[in-house]
Amino acid sequence: MAMGKYSRVDGKKSSNYCSTITVVVFVALCLVGAWMFMSSSASVQNSDSSSQEKVNDVKRVAGENNSKQFEDSPGDLPDDATKEDGNTVDSQSDSQSDVHEDQNVTEKESEGTVEDNKDEKTESRNMVEENQDEKTESKNMVEENQDEKTESQEEPKTETEKDGKTEDRESNSGDGESNLEAGEMPAEGDETNKSEQTESEESSGENKSELDEGEKNSDSGGSADENNQEGATENNVDSQENDQTSIEILPAGAQSELLNETNTQNGAWSTQVVESQKEKISQQSSISKDQNGHAWKLCNVTAGPDYVPCLDNWYVIRRLSSTKHYEHRERHCPQEAPTCLVSIPEGYRRSIKWPKSKDKIWYYNVPHTKLAEVKGHQNWVKVTGEYLTFPGGGTQFKHGALHYIDFIQDSHPDIAWGKRTRVILDVGCGVASFGGYLFERDVLAMSFAPKDEHEAQVQFALERGIPAMLAVMGTKRLPLPSSVFDVVHCARCRVPWHVEGGKLLLELNRVLRPGGYFVWSATPVYQKLPEDVGIWKAMSKLTKSMCWDLVVIKKDKLNGVGAAIFRKPTSNDCYNDRPQNKPPLCKESDDPNAAWNVPLEACMHKVPEDASVRGSRWPEQWPQRLEKPPYWLNSQVGVYGKAAPEDFTADYGHWKNVVSQSYLNGMGINWSSVRNIMDMRAVYGGFAAALKDLKVWVMNVVPIDSADTLPIIYERGLFGMYHDWCESFNTYPRTYDLLHADHLFSSLTKRCNLVAVIAEVDRILRPEGNLIVRDNVEIIGEIESLAKSLNWDIRMIYSKDNEGLLCVHKTMWRPTEPETITSAII
């Protein structure tokens with residue numbers, strides 16, 4: 001038998017049962033009358049300090065009793081949740097004041113009545129306690145009994161809950177999101193709330209607006225109390241018994257706090273609307289405040305580990321109106337740059353070091369065999385156990401590239417590999433063995449080919465440590481400046497140079513330096529088949545109308561091939577003396593250096609004849625051209641504000657000092673493992689020039705919104721290309737051992753999604769590769785956070801004033817990789 005705080009059990013029984021019942025009924029009626037009077041007047045009263053003190057007293061007593069009846073109830077809740085419901089949230093003050101007033105007055109009135117009649121009614125109380133199962137109605141009104149006190153406390157609570165939030169339970173008083181009608185009982189509190197919140201989020205897609213709405217509704221609880229009290233009273237009796245359990249276990253303050261946390265920690269129950277909204281916000285902003293916790297995902301694409309976003313956009317490619325001009329091999333970038341990570345091939349291993357990589361690579365790093373099957377007899381590539389091996393051959397040089405290289409120079413000694421000729425363009429490069437062996441002649445070859453049926457040819461080249469890029473002779477200019485290559489080479493490159501007015505050959509004319517050579521090794525040069533004869537006649541006519549001189553045609557007996565070598569003119573005399581203006585000269589307004597997404601035109605630009613203009617003279621021989629400012633800089637102002645020659649010299653001195661004093665020794669980089677390097681924001685190419693004594697090559701990228709200094713880079717015997725870093729780069733994943741970004745990222749934050757840029761960095765950087773960033777300290781901090789979220793190692797971080805330097809190391813493992821791949825990595 002439960003005993004109230006003031007009850008006394010002495011074993012005596014009443015002799016007058018009727019008088020006991022009469023007294024009990026009388027007391028009950030008094031209590032009901034007092035409670036109704038106070039509840040009707042409490043709605044217009046304001047809580048004050050004295051009422052809150054009384055509330056604390058009442059709650060202390062109630063807490064003691066509840067702890068006996070519900071042993072697991074208060075122990076799991078915060079102390080403030082069981083002590084001060086009405087003192088924490090201002091928006092609940094009106095409704096909570098009503099609750100506490102009712103509780104306090106009812107309790108005190110009951111205690112006063114019991115004290116006045118304590119001696120007289122002892123036997124009556126004992127009788128009530130013995131018959132409590134039969135006298136439920138009386139039990140609800142007698143405060144001395146433990147159950148009765150809880151009932152008395154929670155009854156006005158239930159009333160207030162319905163008044164303050166119409167049909168909501170206390171569990172939703174802070175949010176205003178529940179649509180339960182009075183009398184319904186949530187089956188499982190948190191799950192019910194989450195389900196309701198999910199439905200609400202699906203209808204609106206914005207959590208914040210709904211929370212604001214809920215807060216407004218909570219603040220207006222006083223007016224809702226007046227409007228809804230009558231309906232709530234009708235349902236109070238029916239719902240009181242069901243509500244009692246949940247209210248006693250989770251008092252108002254604690255439950256409100258719990259649901260507020262649920263709203264802010266709802267990630268596990270997010271909706272498509274919310275996820276899409278967050279992703280769009282992420283795409284539009286440069287970087288979020290919580291990048292260290294960025295959730296990276298693997299790209300779910302058909303290309304898998306070979307994904308190149310701007311070349312594998314099949315949604316656009318399948319909708320092209322024509323593919324006649326290789327439009328399907330050109331760039332078609334997604335509207336929003338991807339922020340996902342490209343997977344790593346299963347069994348991937350650290351790349352073999354140069355120069356051994358020139359001859360063999362790990363098969364599982366580029367697990368493609370089609371080219372070996374199709375071109376194996378021409379010594380392009382072979383499968384040899386766990387390796388792919390490269391005998392050094394090609395379609396035109398089955399017996400090795402070195403012999404073929406010497407054959408070209410023997411055919412025309414003025415080419416002078418490594419002296420007069422330093423930078424060349426190799427069109428349709430295959431696996432780039434030609435360019436790979438030119439390193440032995442101090443020649444730098446920019447090799448390119450499309451991502452086509454010749455599976456992974458450029459990827460093979462890059463894995464071998466040979467410069468190459470993905471590109472096609474299609475409908476747009478190559479992303480290269482004009483008049484920069486000493487030689488352009490095509491060995492069976494499968495480009496129809498002679499068609500459509502020679503539009504594609506005219507693009508080579510644009511990028512070829514005046515006085516430079518075009519080496520064409522193809523069957524029309526040395527075979528007499530009808531098709532070959534027809535092509536040769538068309539090419540002869542075209543090159544003559546372009547004023548190219550046919551210098552020599554020579555046959556290589558060892559390989560059974562031949563080559564024709566043409567030379568571009570150094571003056572405009574021939575152009576002016578042509579009987580017909582075909583191909584036509586380009587308009588004077590046509591800038592030959594404009595090369596980013598510029599359509600091809602079948603026209604020629606005049607060559608410069610002014611001695612102070614770039615292209616009017618041949619550069620210095622290698623290696624002198626690397627360090628000497630170009631002659632045509634004299635009349636210009638440099639990027640850093642000084643005279644251009646002085647700017648050039650200071651930039652070179654700066655990078656020699658940085659590389660020797662910091663990069664080579666203070667970064668924790670194993671330079672013996674570095675071969676492929678990219679300078680993501682090259683200015684004069686000073687960083688690449690400072691590395692000239694290392695066995696590396698550097699792709700110098702000039703962003704499209706930076707000063708156009710790329711011609712200077714070519715002039716000094718280096719190479720590079722234009723690029724927009726808001727888009728993906730035209731290369732395969734896992735291309736570079738080292739990426740260098742000097743004040744690049746701060747220049748991108750206003751127009752690019754920095755998360756997408758870092759995703760692109762991750763795509764093109766090899767596992768075990770390094771990223772060096774020089775930028776302001778704010779950007780350094782953001783890049784550091786993103787690198788940590790990718791599980792990259794921070795090798796070095798340094799700041800002085802507002803400038804910072806960061807070196808991060810890309811690890812083999814990252815959080816999105818499956819265990820099967822991770823375990824295969826060594």
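Would you check if THR302 is β-branched (Val, Ile, Thr), more than 24 Å from ALA787 (Cα to Cα), surrounded by fewer than 17 Cβ atoms within 10 Å (Cβ to Cβ) and modelled with pLDDT under 95?
yes
Could you tell me whether any residue of segment 262-282 is at pLDDT 80 or above, hydrophobic (A, V, I, L, M, F, W, C) and either part of a loop (DSSP other than H, G, I, E, B) or more than 30 Å from PRO496 (Cα to Cα) (or both)?
The answer is no; no qualifying residue exists.
Are any residues in segment 438-470 assigned to a loop (DSSP other than H, G, I, E, B), open to solvent by 10 Å² or more (accessible area, probe 1.4 Å) and either in contact with a strand residue (DSSP E or B) (Cβ under 8 Å, 6 or more places away or on another chain) or among the charged types (D, E, K, R) (or both), and if so, which ones?
ASP442, PRO450, LYS451, ASP452, GLU453, GLU455 - these are the residues of segment 438-470 that are assigned to a loop (DSSP other than H, G, I, E, B), open to solvent by 10 Å² or more (accessible area, probe 1.4 Å) and either in contact with a strand residue (DSSP E or B) (Cβ under 8 Å, 6 or more places away or on another chain) or among the charged types (D, E, K, R) (or both).
Which pairs do you get when a residue that is in contact (Cβ under 8 Å) with a residue 60 or more places away in the chain and assigned to a loop (DSSP other than H, G, I, E, B), found in segment 584-603, comes within reach of a residue that is of a type in the set (Asp, Glu) and open to solvent by 50 Å² or more (accessible area, probe 1.4 Å), reach meaning Cβ atoms under 7 angstrom, with the pair 6+ apart or on two chains?
Note: pairs meeting the criteria are ASN593/ASP708; ALA602/GLU500.
Is one or more of the residues making up segment 503-524 among the acidic types (Asp, Glu) and open to solvent by 40 Å² or more (accessible area, probe 1.4 Å)?
No, every residue in segment 503-524 fails to be among the acidic types (Asp, Glu) and open to solvent by 40 Å² or more (accessible area, probe 1.4 Å).
Within segment 442-449, does at least one residue satisfy the condition of being within 25 Å of ARG567 (Cβ to Cβ) and of a type in the set (Ser, Thr, Tyr)?
yes
Is it fair to say GLY435 is open to solvent by less than 30 Å² (accessible area, probe 1.4 Å), closer than 23 Å to PRO619 by Cα and assigned to a helix (DSSP H, G or I)?
The answer is yes for GLY435.
If you take the residues of segment 756-777 that are in contact with a helix residue (DSSP H, G or I) (Cβ under 8 Å, 6 or more places away or on another chain) and surrounded by fewer than 22 Cβ atoms within 10 Å (Cβ to Cβ), which of them is nearest to TRP725 (Cα to Cα)?
So, considering only residues that are in contact with a helix residue (DSSP H, G or I) (Cβ under 8 Å, 6 or more places away or on another chain) and surrounded by fewer than 22 Cβ atoms within 10 Å (Cβ to Cβ), the one nearest to TRP725 (Cα to Cα) is ASN776.
Name the residues in segment 586-615 that are touching a Pro at 6+ places or on another chain (Cβ under 8 Å) and surrounded by fewer than 15 Cβ atoms within 10 Å (Cβ to Cβ), would you?
Within segment 586-615, just TRP596 meets the criteria.
Please indicate, with yes or no, whether at least one residue in segment 659-681 is closer than 27 Å to ASN634 by Cβ, touching a helix residue (DSSP H, G or I) at 6+ places or on another chain (Cβ under 8 Å) and in contact (Cβ under 8 Å) with a residue 60 or more places away in the chain.
Yes, there is a match, as at least one residue in segment 659-681 is closer than 27 Å to ASN634 by Cβ, touching a helix residue (DSSP H, G or I) at 6+ places or on another chain (Cβ under 8 Å) and in contact (Cβ under 8 Å) with a residue 60 or more places away in the chain.
Give PRO629, PRO583, PRO645, PRO619 a once-over and let me know the one that is crowded, with 16+ Cβ neighbours inside 10 Å, under 28 Å from ALA707 (Cα atoms), in contact with a Ser or Thr (Cβ under 7 Å, 6 or more places away or on another chain) and of a type outside the set (Val, Ile, Thr). Let's see the steps before the verdict.
Numbers: PRO583 fails: under 28 Å from ALA707 (Cα atoms); PRO645 fails: in contact with a Ser or Thr (Cβ under 7 Å, 6 or more places away or on another chain); PRO619 fails: in contact with a Ser or Thr (Cβ under 7 Å, 6 or more places away or on another chain).
Residue meeting the stated conditions: PRO629.
Give the residue that is farthest from ASP705 (Cα to Cα), with candidates limited to residues of segment 632-642 that are open to solvent by 40 Å² or more (accessible area, probe 1.4 Å) and out of contact with any Pro (no Cβ under 8 Å at 6 or more places or on another chain).
SER635
Filter segment 629-678 for residues that are of a type in the set (A, V, I, L, M) and part of a helix (DSSP H, G or I) and give the result.
LEU633, ALA644, ALA650, VAL658, VAL659
Being on the phi > 0 side of the Ramachandran plot and either surrounded by 13 or more Cβ atoms within 10 Å (Cβ to Cβ) or among the hydrophobic types (A, V, I, L, M, F, W, C) (or both) is the filter here; which residues of segment 542-580 pass it?
As a first pass, look at segment 542-580 and keep what is on the phi > 0 side of the Ramachandran plot: 547, 560.
Selection gives CYS547 alone.
The values are calculated or read from the model by the stated rules, or taken from the named source; none is laboratory data. Please read these numbers as outputs of a predicted model, since none were measured by experiment. Here the Cβ is made from the backbone with ideal geometry for all residues, glycine too, and neighbour counts use every protein chain on show. The accessibility values were calculated without ligands, DNA or RNA, using every heavy atom of the protein model including side chains. Shrake-Rupley method; radii C 1.70, N 1.55, O 1.52, S 1.80 Å.
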